[in-house]
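To start, the structure under review is shown below, and the notes come after it.
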Amino acid sequence: MKKKWDKQLNKTSPSLALALLQAFGPSMLLGGFFKAVQDVLQFSQPQMLKFLIQFVTEYNDGAEQPLVKGFMIVVGMFSISVIQTAFLHQYFLKCFNVGMNLKSSLTATIYKKSLLLSNEERGNKATGDIVNLMSVDTQRLQDLTQFGSILWSGPFQIILCLVSLYQLLGNSMW
């Protein structure tokens, strides 16, 4: 973060948001990838359940079906569940790490800046304002890394749900 911020300070109009994006953007994108895969796998479970119900119905009606097919569907459902859980936890781990790194780097930057203030500049800023920046505001940015993905993940899940319902129910889903 420090290198990215120092590079921004050399520009005519430095941007903290751009420095944060450059420093933590790739990790957040990887976390977003984990979340997207988890969302897709979450809606593949009902599809697999549909295959299992079809298999059991056909098997009970006397159709010649290999029993291995049913076991493979169950193993697939279990595997999807395990992979889904692993991807979700990787997403949370990435977001938590990025949030902690973001908070600590911003706190260090604010603290360094507050130490460089002259006596006259310190008189214009209350100590509480600086402490507020270092504690509350950085905590909010940390929370944003963990819960900000809801902005894109929520609509994505709604679209996946509607597509899944359409595949299962057809036009009656409307």
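Couple of notes before you dig in:
- Val56 vs. criteria assigned to a helix (DSSP H, G or I) and more than 25 Å from the chain's Cα centre (by Cα): yes
- Qualifying residue in the range 95-114 (condition: closer than 30 Å to Ser153 by Cβ, touching a Lys or Arg at 6+ places or on another chain (Cβ under 7 Å) and not small (Gly, Ala, Ser)): no
- Among the residues of this structure, Gly123 does not count as one that is under 13 Å from the mean Cα position of the chain (by Cα) and farther than 17 Å from Phe33 by Cβ.
- In the set (1) within 30 Å of Gln45 (Cα to Cα); (2) touching a Phe, Trp or Tyr at 6+ places or on another chain (Cβ under 8 Å), Phe71 fails one condition alone, (2).
- Pairing residues of the range 129-151 that are touching a residue at least 24 places away in the same chain (Cβ under 8 Å) with residues that are of a type in the set (Lys, Arg) and open to solvent by less than 50 Å² (accessible area, probe 1.4 Å), at Cβ distances under 8 Å and at least 6 apart in sequence or on separate chains, gives Ser149/Lys35.
- The residue of the range 31-51 that is most open to solvent (accessible area, probe 1.4 Å), among those that are over 15 Å from Ser81 (Cα atoms) and more than 15 Å from the chain's Cα centre (by Cα), is Phe51.
- Residue in the range 8-26 that is modelled with the highest pLDDT, counting only those that are part of a helix (DSSP H, G or I) and open to solvent by 40 Å² or more (accessible area, probe 1.4 Å): Pro26
- For the range 59-75, a tally of residues being surrounded by 11 or more Cβ atoms within 10 Å (Cβ to Cβ) and more than 39 Å from the chain's Cα centre (by Cα) returns 2.
- Checklist (1) farther than 30 Å from Gln142 by Cβ; (2) part of a helix (DSSP H, G or I) applied to Gly99, failing item: (1)
- Checking each residue in the range 119-174 for being β-branched (Val, Ile, Thr), open to solvent by 80 Å² or more (accessible area, probe 1.4 Å) and farther than 17 Å from Leu41 by Cβ picks out Thr127, Ile150.
- Screening Phe78 with (1) among the aromatic types (Phe, Trp, Tyr); (2) loosely packed, with under 12 Cβ neighbours inside 10 Å; (3) touching a residue at least 24 places away in the same chain (Cβ under 8 Å) gives one miss only, at (3).
- Selection of the range 14-50 for residues being free of Cβ contacts under 8 Å to residues at least 60 places away in the same chain and within 24 Å of Phe156 (Cα to Cα) yields Leu21, Gly25, Pro26, Leu29, Phe33, Val37, Gln38, Leu41, Ser44, Gln45, Met48, Leu49.
The values are calculated or read from the model by the stated rules, or taken from the named source; none is laboratory data. In this text, all values refer to a predicted model and were calculated from it rather than measured experimentally. Every residue, glycine as well, gets a Cβ built from its backbone with ideal geometry; the counts of neighbours run over all protein chains shown. Ligands, DNA and RNA are stripped out before the accessible areas are found, and what is left, the full protein with its side chains, is counted by its heavy atoms. Shrake-Rupley method; radii C 1.70, N 1.55, O 1.52, S 1.80 Å.
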